[in-house]
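Student: Below are the structure tokens for one structure; questions will follow.
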Amino acid sequence: MPNTVPESVLTCPQCGFARREIMPVDACQFYYECENCKAILRPKAGDCCVFCSYGSMKCPPVQMQQDCCG
């Protein structure tokens, strides 16, 4: 997708562990397990995916100002 950043650094709100991940461009990621503390991250209310809630970059559809997962 042009003009989008495909990578995001997810930061666990439980322990602060951060890891760079490649974001899916055609699907939302509703769950993510922290590699460090094993917490299961879910999107915050109003966010479409874990990248929009805990990532350094929003997911590609949101970056393109499109509906995510809709």
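The values are calculated or read from the model by the stated rules, or taken from the named source; none is laboratory data. This structure is a prediction, so every number in the text was calculated from the model and none was measured. Cβ coordinates were reconstructed from backbone atoms using ideal geometry, including for glycine residues, and neighbour counts include every protein chain displayed.
Student: Looking at segment 25-50, which of its residues are in contact (Cβ under 8 Å) with a residue 12 or more places away in the chain, out of contact with any helix residue (DSSP H, G or I) (no Cβ under 6 Å at 6 or more places or on another chain) and assigned to a loop (DSSP other than H, G, I, E, B)?
Tutor: Hits for segment 25-50 are Ala27, Cys28, Phe30, Tyr31, Cys34, Glu35, Asn36, Cys37, Ala39, Arg42, Cys48, Cys49.
Student: Sort out which residues of segment 51-70 are of a type outside the set (S, T, N, Q) and assigned to a loop (DSSP other than H, G, I, E, B), and write them in order of number.
Tutor: Passing the criteria: Met57, Lys58, Cys59, Met64, Asp67, Cys68, Cys69, Gly70.
Student: Spot the failing condition for Met1; the list is (1) modelled with pLDDT of 90 or more; (2) among the aliphatic types (A, V, I, L, M); (3) assigned to a loop (DSSP other than H, G, I, E, B), and only one is missed.
Tutor: (1)
Student: Right, here's the next one. Restricting attention to segment 51-70, report how many residues are over 19 Å from Tyr31 (Cβ atoms) and without any contact (Cβ under 8 Å) to a residue 24 or more places away in the chain.
Tutor: The number of residues fulfilling the criteria is 3.
Student: If you check every pair at least six apart or on different chains, which have Cβ atoms under 7 Å apart with a residue in segment 1-22 that is over 14 Å from Cys49 (Cα atoms) and free of Cβ contacts under 8 Å to residues at least 60 places away in the same chain first and a residue that is of a type in the set (Phe, Trp, Tyr) and loosely packed, with under 13 Cβ neighbours inside 10 Å second?
Tutor: The qualifying pairs do not exist here.
Student: I'm trying to understand the selection: among the residues of segment 10-24, which are surrounded by 11 or more Cβ atoms within 10 Å (Cβ to Cβ) and part of a loop (DSSP other than H, G, I, E, B)?
Tutor: Scanning segment 10-24 gives Cys12, Pro13, Gln14, Cys15, Phe17, Met23, Pro24.
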